[in-house]
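Have a look at the structure that comes next, please.
The values are calculated or read from the model by the stated rules, or taken from the named source; none is laboratory data. This one's a predicted model, so the numbers in the text were calculated from it and none came from an experiment. Neighbour counts run over all protein chains shown; Cβ positions are idealised from the backbone, glycine included. Only protein heavy atoms, including side chains, enter the accessible area calculation; ligands, DNA and RNA are left aside. Shrake-Rupley method; radii C 1.70, N 1.55, O 1.52, S 1.80 Å.
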Amino acid sequence: MRRLVFLVTLLASVALANAQGFTWSVDYNAIFDNREGDRYYSNDGTIFVSRLSPEVGLSFLNGTHRVAGGVSWVQPVGSGWEGYELCPTVYYRYETPELRASFGMFPRSQFISPLPKYLLSDSIAYHQPNVRGLLIQYVKPKGYAELSLDWRSLQSENRREAFNINFNGQWNPRGIFLVGGHAQLNHLARRKNAPATEGVNDDIMVNPYVGLDFTRKTAMDSLMIKAGALVSLQRSRLMGGWQNRAGLLVNAIAEKKRISVEETFFVGKGVMPLYPLFGTLLNMGDPYFQAPLYSRTDVSFHFIRNRFVNMEASLVFHCTEKAFGFWQQLKLRVFVDEKLWKTRNESKSHAEWLRNVY
């Protein structure tokens, strides 16, 4: 912790010496997530956390290059000082209109598109705000592609080596048509000097999709549907070969002013066969995707929505053949940086509303 404070102080001191290159941001999140229902796939309980992520940096060569550092302080509400987590943020950022890259420990908010729920559950996203590795992004007017490496656990006597590589891309070839996909290679290795009963495990998920975006054709703020195959290949090398699972995944969202409805529907063969053995050590996605038939419906109301603040309440319904879950969520995000602060009194279109990163 002392080293982190020293690094942040050093960055701030150097940046202040050259005011043109000084960058800063403050990202604050508060999450209340009350979960009720059957415990077949997900436990009941209440998650109530507050997260503060200040950051300072130094940019140079017309802002193309930036070095930044900070910390994310995740604090459970109602526990005093107990149970807090400090996540260091230290990274290099390269940014041009078409090519962007980050290297180090950087915020997940830098993703163009957040990871889908079958790759990253709400619970893990609350407590792990940073990617620990590398991000490369290519952006064009009709689409984008991004590749990331998240080295989430370094091997030690007590920790298993674990990392995942993610690809995400989307292309709008013409009109309302969309083509895209997600792919992940997830690896869970052994600890140092681990016993022979602790093996190496692999998880591969692929989700190509096609979609229709009707947003510009209607008066809606957003109206989109995507459908495609969700395929998983998982293996525990101690247990033998690959277990192959697949199904159909459909995602639809409709949004108008303060109201939004999002539906995620999966039918096939549950894509997390190893979750009962390794849990979130291997599968970081929502455990409901173990089910052969699953529907998640999010109904949200935005109390505040502008460039700086996004506050929304959601009712989330999980339905499977064997279980039902009902979550009540209240999420607040407040974000400001040096660029937004300079234009704080200017009115902007809803296309620049602050995004909820969960």
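Please compute the length gained on full extension between Arg355 and Phe317, using 0.36 nm multiplied by the number of residues separating them and subtracting their Cα-Cα distance.
Separation in residues times 0.36 nm, less the Cα-Cα distance, equals 11.5 nm.
Quick one: which residues, 5 or more positions from Leu354 or on another chain, have an amide H under 5 Å from its amide H? H modelled 1.01 Å from N in the peptide plane, none for Pro or chain starts.
Amide H neighbours of Leu354: Asn306, Arg307, Phe308, Val309.
Once amide H atoms are placed 1.01 Å from N in the peptide plane, what residues at a sequence separation of 5 or more from Tyr118, or on another chain, have their amide H within under 5 Å of its amide H?
Here Asp286 satisfy the definition.
How big is the shadow of the Cα convex hull of segment 193-274, averaged over all directions, in nm²?
Average of the hull's projected areas for segment 193-274 equals 7.9 nm².
Here is a further query. Under a 1.4 angstrom probe, counting protein chains only, how are Tyr144, Tyr28, Tyr40 ranked by accessible area, largest first?
Reading off the accessible areas and sorting them downward yields Tyr40, Tyr28, Tyr144.
Identify the trypsin sites (Lys or Arg not before Pro) of segment 150-207 meeting these criteria: DSSP loop state and at most 13 other C-beta atoms within 10 Å of the C-beta.
For trypsin sites (Lys or Arg not before Pro) across segment 150-207 that sit outside H, G, I, E and B with at most 13 neighbouring Cβ atoms in 10 Å, the list reads Arg159, Lys192.
So, by mean Cβ neighbours within 10 angstrom, what's the order for 62-72, 300-310 with the highest one leading?
62-72, 300-310
Probe of 1.4 angstrom, ligands and nucleic acids ignored: what's the accessible area per residue over the chain, in square angstrom?
51 Å²
In the chain, carbon and sulfur make up what percent of the accessible area (probe 1.4 Å)?
Accessible surface attributable to carbon and sulfur in the chain totals 62 percent.
Please tell me which of these pairs span more than 29 angstrom C-alpha to C-alpha: Lys117/Lys322; Lys256/Lys322; Lys256/Lys331; Lys226/Lys322; Lys142/Lys348; Lys257/Lys342?
Over 29 Å apart, Cα to Cα: Lys256/Lys322.
Taking the radius of gyration and the Kirkwood hydrodynamic radius from Cα positions alone, what is the Rg/Rh ratio for the chain, to two decimal places?
Value, to two decimals: 0.96.
Give the range of the longest stretch in the chain that excludes all GluC sites (Glu not before Pro) found in loop regions by DSSP and having at most 14 other beta-carbon atoms within 10 Å.
That would be 199-320.
Going by a ≥ b ≥ c, the root eigenvalues of the Cα gyration tensor, does segment 65-133 fall in the rounded group (a/c under 1.5), the prolate group (a/b larger than b/c) or the oblate group?
Numbers: a/c = 3.39, a/b = 1.55, b/c = 2.20.
Here segment 65-133 falls in the oblate category.
Provide the descending list of Cα extents for segment 46-185 along its principal axes, expressed in whole angstroms.
Principal axes ranked by extent give 53, 38, 33 Å for the Cα atoms.
Quick one: putting +1 on the C-beta of Lys and Arg, -1 on the C-beta of Asp and Glu, what dipole do you get for the chain around its Cα centre, in Debye to the nearest 20? Please list the in-between numbers first.
Values: 41 positive and 31 negative charges, 119 e Å.
Here the size comes out at about 580 debye.
May I ask you to rank Lys226, Lys217, Lys140 by accessible area, largest first, using a 1.4 Å probe over the protein chains only?
On the way: Lys226 50, Lys217 155, Lys140 90 Å².
From most accessible down to least: Lys217, Lys140, Lys226.
Between segment 212-286 and segment 117-182, how far is it from one alpha carbon centroid to the other, in angstrom?
Result: 14 Å between the Cα centres.
Just flag the trypsin sites (Lys or Arg not before Pro) in segment 310-358 sitting in loop per DSSP whose Cβ has no more than 15 other Cβ atoms within 10 Å.
Those that pass, being in a loop and sparsely packed, are Lys322, Arg344, Lys348, Arg355.
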